[in-house]
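**Q** Okay, here's the structure, questions in a sec.
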Amino acid sequence: MIKENEYRTHTCGELRESDIGKTVRLAGWLENVRDHGGVKFADLRDQYGVVQVVVEDEEMLRGINKESTISVTGTVVERDEETINLKIDTGTIEVEAESIRLLGKVRESLPFEIDLSKDIKEDLRLKYRFLDLRNKEVQKNIILRSQVISFLRRKMEELGFLEIQTPILTSSSPEGARDYIIPSRKHKGKFYALPQAPQIFKQLLMVSGFDKYFQIAPCFRDEDARADRSPGEFYQLDFEMAFATQEDVLSVAEEVLYETFTKFSDKEVSKPPFRRIPYAEAMLKYGTDKPDLRNPLTIIDISHMFVETDFAPFRKKTVRAINVPDCASQPRSFFEKMLEFALSIGMKGLGYIKVTEEMEYNGPIDKFLSEEDRKELAEIAGLKPGDVLFFIADSREHAPKLAGQIRTELARRLDLIDENRFEMCYIVDFPMYEIDEHTGKTVFTHNPFSMPQGGIEALLEKDPLDILAYQYDIVCNGVELSSGAVRNHDIDIMLKAFEIAGYTEEDLKNKFTALYRAFKYGAPPHAGMAPGVDRIIMLLTGEENIREVIAFPMNNNAQDLLTDAPKEVTEQQLREVHIKLR
């Protein structure tokens, strides 16, 4: 209910048959006018809905264009039975206008029809985003976003978390993506950075004695756009817990996400506890650390069968296979298009065998299989008549990812994905280190502040590539919602962990000064994660582009077309911050 004022007594969406006979004032945008010969019917729209206004005196609408804002005073009456519109909440009543007051006049031609804005070029939509957002289909995403964030806040407070804001102006640190840097006027030649995440500060809050922290945190990364990643900034439900284990964090995230998805969607949501899938298993069975578990297909490793094969493309390669039940009846064009897709992602080809009713194999690869091979394949792949077994062979590094792409494409083409489910899982046990393919050096795989499994002993005794970390991702329908970790709070373990990745103690002091200092004063064990708010809304709305759930997004070229950012600044502004362009 709104407070009555000179513009309105009610919103456009709240009038009902119980209001018949009342004199009301309404305010909103003139959406449409229909002339019925002496009587005009106007649709008045605000955020809450649409109501039909009957205008018998045409002078009331003279000079008022579509999308102008107006205030209407009139009487609520019942619609004639033949004009009832059950598609809108106010469809059984209308308002007979007694006076119309023009509040905001449209002075230029509209660049597009409001209700068709989702069908026009994105750059035009973003330039006139204030008009695009009037479209109910666009606006409802932003309203849902507000409701979800409000729910997340209430839920975190219910679980005992304190909302604490962390700084936006901070120092640059090596976290993987490029920083946005800001020159200092007072400190010549020095720069602030926008935080890629509140990582340092939330850990410092734990050292400060706060038990459970959260915030809806803005994060800034100078990254290229993707369908599920907005350039510039994004928002996280960032939270951290003191004296907590990995399982404590996963339990909180399960409760919050399960309740959020069940409240704001009618789709089936996987119930807690969500599946815990080790990273190595995910890469083997699904070919990705972001598996879509709605896809029933899985990948098996059959490399051992082709170590000394006469089939050169498979010899001494990593070979993966995917069994697709009841696929043998697909037309030849299906297999041709799958081959085209395989070639498009860098594969040399895509072998397969079809299983006949007699459990015989049809396909060019069959002649390279022994009878023992055929029996083993049938057993480990679970082959049945009508199945097709696809083969993916490549290097140890590339074969898993290629198999994952083939798995996804097969499911898409065969319509195997159940769109009415949200399937959640955790990916756990990430490797602590990997080899950088460009430098050949040992580098951190994930968050460098993670605790290695096995502690200092693992760092001293194991091959770095065999060390696992207490790191975890939460994945929903193939979308990574969050990363998190049990943090490394022990300065001795941290020094050794960074040493393996090529950092000295001086590097640690200089690059991570605050944490290095803080951890010398009694740091508690702590852990946390940060589900992405934008991606949660994207999944709930079913949108394929993340910009559809952000009120004022940049385009995919990191430009804000609404405010024309980025743009040049004056020479005086540059001088004040001691910058000279070159």
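The values are calculated or read from the model by the stated rules, or taken from the named source; none is laboratory data. This one's a predicted model, so the numbers in the text were calculated from it and none came from an experiment. Heads up, the Cβs are rebuilt from the backbone with ideal geometry, glycines too, and the neighbour counts pull from every protein chain shown. Please note that ligands, DNA and RNA were not included when accessible areas were found on the heavy atoms of the full protein model with its side chains. Shrake-Rupley method; radii C 1.70, N 1.55, O 1.52, S 1.80 Å.
**Q** How many residues does region 26-63 hold that are over 24 Å from K140 (Cβ atoms) and open to solvent by less than 60 Å² (accessible area, probe 1.4 Å)?
**A** Counting residues in region 26-63 that are over 24 Å from K140 (Cβ atoms) and open to solvent by less than 60 Å² (accessible area, probe 1.4 Å) gives 10.
**Q** While we're looking at this one, here's another question. Do we find that A403 is open to solvent by less than 60 Å² (accessible area, probe 1.4 Å), part of a loop (DSSP other than H, G, I, E, B) and in contact with a strand residue (DSSP E or B) (Cβ under 8 Å, 6 or more places away or on another chain) in this structure?
**A** no
**Q** I'm checking my understanding of the structure. Among residues of region 145-168 that are outside any strand (DSSP E or B), open to solvent by 80 Å² or more (accessible area, probe 1.4 Å) and without any contact (Cβ under 8 Å) to a residue 60 or more places away in the chain, which one is nearest to I536 (Cα to Cα)?
**A** Going through the qualifying residues, I end up with R154.
**Q** Touching a residue at least 24 places away in the same chain (Cβ under 8 Å) and either open to solvent by 10 Å² or more (accessible area, probe 1.4 Å) or assigned to a strand (DSSP E or B) (or both): is that true of E434 in this structure?
**A** Here the answer is yes, as E434 does meet what is asked.
**Q** I would also like to ask the following. Give region 105-127 a look and list any residue that's under 16 Å from N65 (Cβ atoms), open to solvent by less than 70 Å² (accessible area, probe 1.4 Å) and out of contact with any Asp or Glu (no Cβ under 9 Å at 6 or more places or on another chain), or say none.
**A** Listed by number, the list holds a single entry, P111.
**Q** With the requirement that a residue be open to solvent by 70 Å² or more (accessible area, probe 1.4 Å) and closer than 20 Å to P331 by Cβ, what does region 351-400 give you?
**A** E357, N362, P364
**Q** List pairs: first in region 479-496 and touching a residue at least 40 places away in the same chain (Cβ under 8 Å) and open to solvent by 10 Å² or more (accessible area, probe 1.4 Å), second assigned to a helix (DSSP H, G or I) and hydroxyl-bearing (S, T, Y), Cβ under 9 Å, 6+ apart or cross-chain?
**A** Going by the 9 Å Cβ cut-off, there are no qualifying pairs.
**Q** Suppose we filter L131, L86, L124 for residues that are part of a helix (DSSP H, G or I), without any contact (Cβ under 8 Å) to a residue 24 or more places away in the chain, over 30 Å from E255 (Cα atoms) and among the aliphatic types (A, V, I, L, M); which single one remains?
**A** Of L131, L86, L124, the one residue that is part of a helix (DSSP H, G or I), without any contact (Cβ under 8 Å) to a residue 24 or more places away in the chain, over 30 Å from E255 (Cα atoms) and among the aliphatic types (A, V, I, L, M) is L124.
**Q** Run down E499, E505 and say which single residue is in contact with a Leu (Cβ under 9 Å, 6 or more places away or on another chain), surrounded by fewer than 14 Cβ atoms within 10 Å (Cβ to Cβ) and more than 24 Å from Q215 (Cβ to Cβ).
**A** Sole residue among the options that is in contact with a Leu (Cβ under 9 Å, 6 or more places away or on another chain), surrounded by fewer than 14 Cβ atoms within 10 Å (Cβ to Cβ) and more than 24 Å from Q215 (Cβ to Cβ): E505.
**Q** Moving on. Condition (residue is open to solvent by 60 Å² or more (accessible area, probe 1.4 Å) and under 22 Å from L159 (Cα atoms)) applied to region 220-235: is it met by at least one residue?
**A** Scanning region 220-235, I find at least one residue that is open to solvent by 60 Å² or more (accessible area, probe 1.4 Å) and under 22 Å from L159 (Cα atoms), so the answer is yes.
**Q** Of all residues being in a loop (DSSP other than H, G, I, E, B) and without any contact (Cβ under 8 Å) to a residue 24 or more places away in the chain in region 172-202, which is nearest to N510 (Cα to Cα)? Just the residue, please.
**A** Within region 172-202, the match that is nearest to N510 (Cα to Cα) is S172.
**Q** Return the only residue of T73, T92 being out of contact with any helix residue (DSSP H, G or I) (no Cβ under 9 Å at 6 or more places or on another chain), open to solvent by less than 70 Å² (accessible area, probe 1.4 Å) and not charged (D, E, K, R).
**A** Checking each option against the conditions leaves just T73.
**Q** For S173, only one of the following conditions fails: (1) modelled with pLDDT of 95 or more; (2) surrounded by 15 or more Cβ atoms within 10 Å (Cβ to Cβ); (3) of a type in the set (S, T, Y). What is its number?
**A** Status for S173: all satisfied but (1).
**Q** Give me the pairs, please: first residue somewhere in region 309-333 and open to solvent by less than 30 Å² (accessible area, probe 1.4 Å) and β-branched (V, I, T), second residue anywhere and at pLDDT 95 or above and in a loop (DSSP other than H, G, I, E, B), beta-carbon distance under 8 Å, and either six or more positions apart or on two chains.
**A** Between residues of region 309-333 that are open to solvent by less than 30 Å² (accessible area, probe 1.4 Å) and β-branched (V, I, T) and residues that are at pLDDT 95 or above and in a loop (DSSP other than H, G, I, E, B), the close pairs are I322/L297; I322/T298; V324/L297; V324/D387; V324/L414.
**Q** Moving on to the next point. What is the residue count in region 181-211 for residues that are open to solvent by less than 60 Å² (accessible area, probe 1.4 Å) and within 29 Å of the chain's Cα centre (by Cα)?
**A** 15
**Q** Give just the number: which of (1) more than 21 Å from A193 (Cα to Cα); (2) part of a loop (DSSP other than H, G, I, E, B); (3) without any contact (Cβ under 8 Å) to a residue 12 or more places away in the chain; (4) open to solvent by 90 Å² or more (accessible area, probe 1.4 Å) does K520 not satisfy?
**A** (3)
**Q** May I pose another question? When you check E423 against the structure, is it open to solvent by less than 60 Å² (accessible area, probe 1.4 Å), acidic (D, E), closer than 25 Å to V269 by Cβ and within 23 Å of the chain's Cα centre (by Cα), yes or no?
**A** Considered against the rule, which asks whether it is open to solvent by less than 60 Å² (accessible area, probe 1.4 Å), acidic (D, E), closer than 25 Å to V269 by Cβ and within 23 Å of the chain's Cα centre (by Cα), E423 comes out as yes.
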